[in-house]
Amino acid sequence: MNLPYIINVAVILLACLAFYKLLLRRETFYKVNRYMLILCLGISFALPLLQVPEQFSLRKAEVVNRQSSIVNGELTKNNQSKTVDTKQPETINQQPVNSVVKQDPSTSDKGNNLAQSSSAKFSFAQFMNWLFWIYWFGVIVFAASFIFQLVLLLWRAYRNPVIIDGRYRIVEVSGDKAPCSFGNNIFINPEKYEWETYNQILLHEKIHIRQRHTVDIVIAELLLIFQWFNPFAWIYRREIESNLEFLTDDQLMQKEKVNKQSYQLSLVKVSAPHLPLSLTTNYNQSILKKRIAMMNTKRSNLHTAWKYFFLLPVFAFLACLLNEPMAYGQDNEKSGKNEKSIKNHGMETEGYWFAVIKGDKVHIRFSEEKLDSENDYKSKHSYSGEDFKLSELGTLPKGTSGTFNITREAGTMQMTGRFEDNTGMGTFKFVADKGYVDYMNKELKETLDEDDQMAFFFINIKKEFLTMLRSEGYKDITKDDLIPVAALGIDKAYISSIRNAGFKDVSLENLVPLKALGIDEKYIAEIRSEYKDISTDQLVSFKAQGIDKKYIASVRQMKSDKGDKGNKDSKDDDADDIVSFKAMNITPEFVNSFKAVGMTNVPHDQLVAFKAVGVTPEYVKGWYDMGFKNIDPEEFVGMKSQNVTPEYMKSFTSLGYKDVKPEDLVAFRALGITPEYIKSFETAGYKITDLDNVTGLKAQGITPEFIKSFESVGFKNIDLDEIVAVKAVGVTPEYIKDMRSKGFNYDKLQKYVTLKSID
């Protein structure tokens, strides 16, 4: 389960939630809504796995073109670009010439460019890797919570006294716990309720059990395990639970003939803020108002059922927007061409060529379109250019049409055309060598199609090269293994050098990135002098980041200064630490700058976080100068990420709040709480003694003007804790006036809060 898939699931889930809340939530088709919510949940996870036809996709399809980059001097293998280098000779008119993929003096520069490119990619890859592991850590935590709740429920079900009522198990519990059900178990404290209320609770929970609502709740909980980071998944789970309650209430009203007013009163009595485990169907106080409202809602007309059919175009649009389009081959453009003329490297087995003679070399370019001039050669869709020595092409047809061939073991490129002055053009046709193809098919135990045959030709893979690899112990070789190994020029000498460096069982797959990054026996020996137990993957990471033995030694010094792990022969030494230090440019100077302000023994992972969010010695010193010398390094990261500064702290202490802690200000910053906000309450006569109350006020958007507005209805000196509850349920002066006109004259504001919650 990769991150793009997880994000796509989250997007589809959001679309389903929006569709439900906008069009379906107020409909009384509760049973249809139940199945619709579960169906949408399943589709959210399944839809991203499907591919859509390219013509319907809103995303660009990838061209199936496996070896195109090899011919142009690059190798694509496992989505990584590598510098191509091979010294295998070719034959043109029976004379050896340069390889199609060859080595020149700029190879080292290309290697440096590749290392820099790989470094940038690695940093992003490292970041994505961290996100991946953070995600799975969350999955494990929530899965453990799920299992814990399940075990606890089963333990309660079979530990407490129970009454068997047919298929139902009525489990007696103690304490102030709201009634709930799970499976065929009803958990209830019978001592808390009158007989009529008790009976209505049992009727309600039995409907949950008969209709297997536990299954829906379990599915919703499983959703949260894999979408724990997604706030809309939590809302979706709440909507599933709410709809189940609406459905149960409706069934109770319709089939059990329970008095509506009596039942609604029972709901008010039973609901409590103390919630049972989330795996149960329960009396949740937070949706009480909605349940009572839905009971009194006029039943939906069947003519509104059309809304459900709009889900289909929504899913179709999401599939076209998010899903990977089917990969397509480039041979779709030319309908007049035979399907067997399969394109390779962006070209067909037949096509056009254009050549330019420059000094003692000829640059030949192949294309699917006719090239009439050098401008066409530069601008049109052309591929697979290569330089050949002029002396090696033999006699070129100048001034008149003629032919010349480029012959290799894999086949012959038959060239027809003419040269005028320094330019030439014509047509080409590739003819594979049947004996060579039969040999490779037999040895590789798989069939080379025309695409593969041209790849083998351009890379100039010889039979003796395959024989050499087998003699080196590589028996199960596939064509996909052979192409990058040959393209990079991995020969017997290079394989031996890697094995002599200690990697006796190095695979062909590991040899490719080693060769592409220029990792040789000398570099391995250098790294091994500081890091003995190095793997090939770690070597690739080190080389991509430009890590040498000097930097490894400096990292060890930085870590040992803190009493952390890092001895040269330590098996606990972590290559990832070294790579992350290098990626974030953490140097001894950076570490020493914190020591200079009195911050020692910073964990290495926190050093990386410091660099990422911009924690500096000056920032730390600012807090130390204020007397906060016991702040944990991890807290510094959170504070800096929210831009909590010493100046921000002083703005609150200047108001008289001396006990405020730096870590508390992270929430203040996140909510946008300022000293001016607190002053506005003090100016209005409301003294805030505890800053913890401010977060609740700000979260609810409460202002002094809002509190003052209640004086018009007789409520003065309102407690700040009480006003938070007032705003949360939506009580306003206008609401109080309206209720008083209906005979509800209360002298306590809390009673209007209770009344509003059931209104």
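The values are calculated or read from the model by the stated rules, or taken from the named source; none is laboratory data. Just so we're clear, the structure is a prediction, and the values are computed from it rather than from any experiment. Glycine gets a Cβ as well: all are built from the backbone with ideal geometry, and neighbour counts include every protein chain shown. Ligands, DNA and RNA are stripped out before the accessible areas are found, and what is left, the full protein with its side chains, is counted by its heavy atoms. Shrake-Rupley method; radii C 1.70, N 1.55, O 1.52, S 1.80 Å.
Please go through (1) assigned to a strand (DSSP E or B); (2) open to solvent by 70 Å² or more (accessible area, probe 1.4 Å) for residue 232 and return the number of the only condition it doesn't satisfy.
Of the numbered conditions (1) assigned to a strand (DSSP E or B); (2) open to solvent by 70 Å² or more (accessible area, probe 1.4 Å), the odd one out for residue 232 is (1).
Testing residue 199 on (1) more than 21 Å from residue 154 (Cβ to Cβ); (2) at pLDDT 90 or above; (3) in a helix (DSSP H, G or I); (4) not acidic (Asp, Glu), one condition comes back false. Which one is that?
The number of the failed condition is (2).
Within the bounds of the range 207-228, is there any residue that is farther than 30 Å from residue 45 by Cα, out of contact with any Asp or Glu (no Cβ under 6 Å at 6 or more places or on another chain) and not in a loop (DSSP other than H, G, I, E, B)?
Initially, the range 207-228 is screened for residues farther than 30 Å from residue 45 by Cα, giving none.
No, the conditions are met nowhere in the range 207-228.
Residue 726 versus (1) part of a helix (DSSP H, G or I); (2) surrounded by fewer than 17 Cβ atoms within 10 Å (Cβ to Cβ): which is the lone unmet condition?
(2)
With the structure loaded, tell me whether residue 386 is modelled with pLDDT under 85, touching a Pro at 6+ places or on another chain (Cβ under 8 Å) and crowded, with 17+ Cβ neighbours inside 10 Å or whether it fails that test.
So residue 386 fails the test.
Would you mind stating whether residue 621 is modelled with pLDDT of 85 or more and out of contact with any Lys or Arg (no Cβ under 9 Å at 6 or more places or on another chain)?
yes
Which pairs have Cβ atoms under 9 Å, sit 6 or more apart or on different chains, and link a residue in the range 638-660 that is over 11 Å from residue 675 (Cβ atoms) to one that is acidic (Asp, Glu)?
From the range 638-660, the pairs are 638/663; 639/663; 644/663; 646/625.
Conditions (1) at pLDDT 85 or above; (2) in a strand (DSSP E or B), marked per residue:
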| residue | (1), (2) |
| --- | --- |
| 288 | no, no |
| 291 | no, no |
| 298 | no, no |
| 303 | no, no |
| 314 | yes, no |
| 318 | yes, no |
| 354 | yes, yes |
| 369 | no, no |
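Taking residue 197 and the conditions (1) on the phi > 0 side of the Ramachandran plot; (2) open to solvent by less than 40 Å² (accessible area, probe 1.4 Å), which numbered condition does it fall short on, given that it satisfies the others?
(1)
To keep it simple, each residue is scored yes or no on (1) in contact (Cβ under 8 Å) with a residue 12 or more places away in the chain; (2) of a type outside the set (D, E, K, R); (3) open to solvent by less than 40 Å² (accessible area, probe 1.4 Å).
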position	(1), (2), (3)
593	yes, yes, yes
598	yes, yes, no
602	yes, yes, yes
617	yes, yes, yes
621	yes, no, no
633	yes, yes, yes
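May I ask you to list the residues in the range 428-446 that are of a type outside the set (Phe, Trp, Tyr) and part of a strand (DSSP E or B)?
429, 431, 432
Results for (1) under 24 Å from residue 574 (Cβ atoms); (2) in contact with a helix residue (DSSP H, G or I) (Cβ under 9 Å, 6 or more places away or on another chain); (3) crowded, with 19+ Cβ neighbours inside 10 Å, shown as yes or no for each residue.
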position	(1), (2), (3)
482	no, yes, yes
490	no, yes, yes
500	no, yes, no
505	yes, yes, no
511	no, yes, yes
518	no, yes, no
529	yes, yes, no
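Restricting attention to the range 690-706, does a residue exist that is assigned to a loop (DSSP other than H, G, I, E, B), modelled with pLDDT under 90 and under 30 Å from residue 617 (Cα atoms)?
yes
Quick test of your reading of the structure: residue 212 fulfils all but one of (1) open to solvent by 40 Å² or more (accessible area, probe 1.4 Å); (2) in contact with a helix residue (DSSP H, G or I) (Cβ under 8 Å, 6 or more places away or on another chain); (3) under 23 Å from residue 169 (Cβ atoms); (4) at pLDDT 90 or above. Name the failing condition by number.
(2)
Considering every residue within the range 161-183, establish whether at least one is assigned to a helix (DSSP H, G or I), aromatic (Phe, Trp, Tyr) and under 39 Å from the mean Cα position of the chain (by Cα).
Checking the range 161-183: not a single residue is assigned to a helix (DSSP H, G or I), aromatic (Phe, Trp, Tyr) and under 39 Å from the mean Cα position of the chain (by Cα).
Just a yes or no: is a residue in the range 725-742 over 30 Å from residue 633 (Cα atoms), of a type in the set (S, T, N, Q) and touching a residue at least 24 places away in the same chain (Cβ under 8 Å)?
Within the range 725-742 (the criterion being over 30 Å from residue 633 (Cα atoms), of a type in the set (S, T, N, Q) and touching a residue at least 24 places away in the same chain (Cβ under 8 Å)), the answer is no, since none of the residues qualifies.
For the list (1) within 20 Å of residue 217 (Cα to Cα); (2) open to solvent by 30 Å² or more (accessible area, probe 1.4 Å), I need the number of the one condition that residue 164 fails.
For residue 164, the exception is condition (1).
Given the conditions (1) over 19 Å from residue 216 (Cβ atoms); (2) open to solvent by 50 Å² or more (accessible area, probe 1.4 Å); (3) part of a helix (DSSP H, G or I), report the number of the one that residue 55 does not fulfil.
Answer for residue 55: the failing condition is (3).
Please work out which one of (1) over 15 Å from residue 690 (Cα atoms); (2) within 35 Å of the chain's Cα centre (by Cα); (3) part of a helix (DSSP H, G or I) is the condition residue 650 fails and give its number.
(2)
Which ones in the range 707-723 are over 18 Å from residue 682 (Cα atoms) and part of a helix (DSSP H, G or I)?
Applying the first criterion (over 18 Å from residue 682 (Cα atoms)) to the range 707-723 yields 712-715.
Across the range 707-723, the qualifying residues are 712, 713.
Can you find, within the range 407-421, the residue that is surrounded by the most Cβ atoms within 10 Å (Cβ to Cβ) among those that are in contact with a Phe, Trp or Tyr (Cβ under 9 Å, 6 or more places away or on another chain) and assigned to a loop (DSSP other than H, G, I, E, B)?
410
Keeping to the range 447-480, report how many residues are closer than 22 Å to residue 504 by Cβ, open to solvent by less than 10 Å² (accessible area, probe 1.4 Å) and outside any loop (DSSP other than H, G, I, E, B).
Going through the range 447-480 one residue at a time, the tally reaches 2.
For the range 481-525, give me each residue that is among the basic types (Lys, Arg) and not in a loop (DSSP other than H, G, I, E, B).
492, 499, 515, 522
So residue 686 clears everything in (1) at pLDDT below 90; (2) open to solvent by 50 Å² or more (accessible area, probe 1.4 Å); (3) among the hydroxyl-bearing types (Ser, Thr, Tyr) except one condition, right? Which one?
(2)
Quick check on residue 48: is it surrounded by fewer than 18 Cβ atoms within 10 Å (Cβ to Cβ), out of contact with any Ser or Thr (no Cβ under 6 Å at 6 or more places or on another chain), modelled with pLDDT of 75 or more and not aliphatic (A, V, I, L, M)?
no
Just checking, how many residues over the range 422-434 are loosely packed, with under 14 Cβ neighbours inside 10 Å and either within 47 Å of the chain's Cα centre (by Cα) or free of Cβ contacts under 8 Å to residues at least 12 places away in the same chain (or both)?
1
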